[in-house]
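Data first, discussion second: the structure below is written as structure tokens.
Bear in mind these aren't lab numbers, they're just calculated from the coordinates by the rules spelled out. Given the structure is predicted, the values throughout are model-derived calculations rather than measurements. Neighbour counts run over all protein chains shown; Cβ positions are idealised from the backbone, glycine included.
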Amino acid sequence: MATTKNRNTPTRIGFRRSAPVAADAVCHAGAIAVLNATGYAAPATTATGLTALGVFHHYQDNTGGADGDQVVEIERGFFHFANSAGADEITRAAIGSVCYLVDDETVAATDGTASRSPAGIVDDVDEHGVWVCIDPTNGVAASA
């Protein structure tokens, strides 16, 4: 049924979300955070089936813990990461394109012959690395 009067719609302010941590995961502040295949937050790796969530806002150590034993805050947005080299190096021509996860601090121009998950959208490239927009709701994982 369509609304017929004003509605107090709940909203989420900001770009930070809490997520349950994967078993035995060590989350370093500023590292790329992903949702793994079982639905828990973990550091990014070279693997398929991962959804980039943003970066870990703080350190969280779930060593010895089971899936979901701990919770970590993850921030979405624009972040600066290391650039791959050689054929995987991201250039300024890639601005606006999808880049891919190498590890929890490095991104690449290619999916590594279908071995890497999308990281986000390249926003800028400079001599120190790559600026990437990471937001799991922007459709990157679905379109890559």
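Data table
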| item | result |
| --- | --- |
| Gain upon complete extension [residue 128, residue 47; 0.36 nm per residue less C-alpha separation] | 26.7 nm |
| Cα shape, segment 77-135, gyration tensor, a/c 1.5 rule | rounded |
| Cleavage-rule hits (GluC sites (Glu not before Pro)) in segment 1-95: DSSP loop, at most 14 neighbouring Cβ within 10 angstrom | 89 |
| Residue-averaged 222 nm ellipticity for the chain, from DSSP H runs of 4+ at -39500 (n - 2.57), nearest 500 | -500 deg cm²/dmol |
| Other-chain or far-sequence residues with amide H under 5 Å of residue 119's (modelled H) | 99, 100, 101 |
| Dipole moment magnitude, nearest 20 debye, the chain about Cα centre, only Lys, Arg, Asp, Glu C-beta charged | 900 debye |
| Label-point separation, residue 93 to residue 3 (7 Å along Cα→Cβ), nm | 4.8 nm |
| For segment 77-135, size of Cβ-based charge dipole, Lys and Arg +1, Asp and Glu -1, in debye | 180 debye |
| For segment 21-28, Karplus couplings with θ = phi - 60° (6.51, -1.76, 1.60), whole Hz, Gly/Pro x | 8, 5, 4, 6, 7, 10, 9, 9 |
| Intensity falloff of the chain expressed as log10 I(q)/I(0), Debye formula with alpha-carbon point scatterers, at q = 0.14, 0.18, 0.21 Å⁻¹ | -0.64, -0.94, -1.20 |
| Packing rank of 122-130, 103-111, 63-71, where each peptide gets the mean count of other beta carbons within 10 Å, highest leading | 103-111, 122-130, 63-71 |
| ³J(HN,Hα), Karplus 6.51/-1.76/1.60, whole Hz, each residue of segment 114-130, x for Gly, Pro | 6, 10, 10, 8, x, 9, x, 9, 5, 9, 6, 9, 9, 5, 9, x, 10 |
